[in-house]
Amino acid sequence: MKNKSAKTAVVLLSGGLDSATALYLAKARGYQCQALIFDYGQRHREEISCAVKLARAAGCAYRILKVNFPWKGSALLDKKIRVPERISKGIPVTYVPGRNIIFLSFALSLAEVTGARAIFIGVHSQDYSGYPDCRPEFFEAFVKMAGVGLATKKKIKIIAPLLRMRKAQIIRLGNKLGVPFALSRSCYRETKAPCGKCDSCHYRAKGFQEAGLKDPAV
């Protein structure tokens, strides 16, 4: 039975190690979590099943929301655009225009309807500085907008606890929290096994190496 007195949170869960760490951090802070997983036509659809496994392992409710980006505009949505095998300069072709704005907006709507008092998102700016919607100033602006754009009188916190952390720091934190990293996936390609060559795979491998830990998913 749901504890009505418990503080509740919506957690954006992608299936990667960052969002998994954000989920377990929310639980450690005493939140009763509901995971929001997006099926947005991403070529790396394996992450959806990983997100479900992570939610179940954490013992939290989850829902999968299908969102359509018919105009594509990203290597993650358009198979005609090659996923790079080298670290990109500037804004990477894997950037999905407006994705975090859209995802956070859905999370706000869900939080307002269900009475959740917080939204957790696992983005961080250290490695993905090329993504404009992963910068601190983006979240500062979004929080201000959310404060005046909802009907609820109760404030809904938007928490990005990993925003200024390096990947190795996130991995160490997740390890301390008991995150089952073996269930997570960090790859931009649609292959069953991670390719080990894309930006996401590169940063994951580098993070585990710098953290002095072995990646249980390898």
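The values are calculated or read from the model by the stated rules, or taken from the named source; none is laboratory data. These figures come from a predicted structure and were not determined experimentally. Here the Cβ positions follow ideal geometry from the backbone for every residue, glycine too, while neighbour counts run over all protein chains shown.
Put simply, of Ala111, Ala160, Ala118 the only residue that is under 14 Å from the mean Cα position of the chain (by Cα), farther than 21 Å from Cys201 by Cα and of a type in the set (Gly, Ala, Ser) is Ala160. Is it the case, given these coordinates, that Ser125 is assigned to a helix (DSSP H, G or I) and polar (S, T, N, Q)? Criteria not met by Ser125. Can you name the residue in the stretch 59-70 that is without any contact (Cβ under 8 Å) to a residue 40 or more places away in the chain and farther than 29 Å from Val83 by Cβ and is also surrounded by the most Cβ atoms within 10 Å (Cβ to Cβ) among such residues? Looking at residues that are without any contact (Cβ under 8 Å) to a residue 40 or more places away in the chain and farther than 29 Å from Val83 by Cβ, I get Ala61. For the stretch 161-203, filtered to residues that are touching a Cys at 6+ places or on another chain (Cβ under 8 Å) and basic (Lys, Arg), the residue that is nearest to Glu137 (Cα to Cα) is Arg185.
Is it true that Leu173 is outside any loop (DSSP other than H, G, I, E, B) and either within 14 Å of Asp18 (Cα to Cα) or in contact with a Pro (Cβ under 8 Å, 6 or more places away or on another chain) (or both)? Spelling it out, Leu173 is indeed outside any loop (DSSP other than H, G, I, E, B) and either within 14 Å of Asp18 (Cα to Cα) or in contact with a Pro (Cβ under 8 Å, 6 or more places away or on another chain) (or both).
For the stretch 13-55, a residue qualifies if it is in contact (Cβ under 8 Å) with a residue 40 or more places away in the chain and of a type in the set (A, V, I, L, M), and the qualifying residues are Leu13, Leu17, Ala20, Ala22, Leu23, Leu25, Ala26, Ala28, Leu36, Leu54, Ala55. Of Phe208, Phe120, Phe103, all but one fail to be at pLDDT 95 or above, buried (at least 20 other Cβ atoms within 10 Å of the Cβ), over 21 Å from Ala35 (Cβ atoms) and among the aromatic types (Phe, Trp, Tyr); the exception is Phe208. Can you confirm whether Pro92 is crowded, with 17+ Cβ neighbours inside 10 Å and either hydroxyl-bearing (Ser, Thr, Tyr) or under 14 Å from the mean Cα position of the chain (by Cα) (or both)? Against the criterion (crowded, with 17+ Cβ neighbours inside 10 Å and either hydroxyl-bearing (Ser, Thr, Tyr) or under 14 Å from the mean Cα position of the chain (by Cα) (or both)), Pro92 does not qualify.
Residue selection: Ile87 satisfies the criterion of being of a type in the set (Val, Ile, Thr) and in contact with a His (Cβ under 7 Å, 6 or more places away or on another chain).
In contact with a Gly (Cβ under 7 Å, 6 or more places away or on another chain), of a type in the set (Ser, Thr, Tyr), closer than 24 Å to Ile156 by Cα and not in a loop (DSSP other than H, G, I, E, B) - does that describe any residue in the stretch 52-65? Taking every residue of the stretch 52-65 in turn, none turns out to be in contact with a Gly (Cβ under 7 Å, 6 or more places away or on another chain), of a type in the set (Ser, Thr, Tyr), closer than 24 Å to Ile156 by Cα and not in a loop (DSSP other than H, G, I, E, B). Once the stretch 174-200 is narrowed to residues that are in contact with a Ser or Thr (Cβ under 6 Å, 6 or more places away or on another chain) and of a type outside the set (Ser, Thr, Tyr), the residue that is farthest from Asp133 (Cα to Cα) is Val179.
Taking Lys214 as the residue in question, decide whether it is surrounded by fewer than 21 Cβ atoms within 10 Å (Cβ to Cβ), at pLDDT 95 or above and charged (D, E, K, R).
Working: surrounded by fewer than 21 Cβ atoms within 10 Å (Cβ to Cβ): yes; at pLDDT 95 or above: yes; charged (D, E, K, R): yes.
Against the criterion (surrounded by fewer than 21 Cβ atoms within 10 Å (Cβ to Cβ), at pLDDT 95 or above and charged (D, E, K, R)), Lys214 qualifies.
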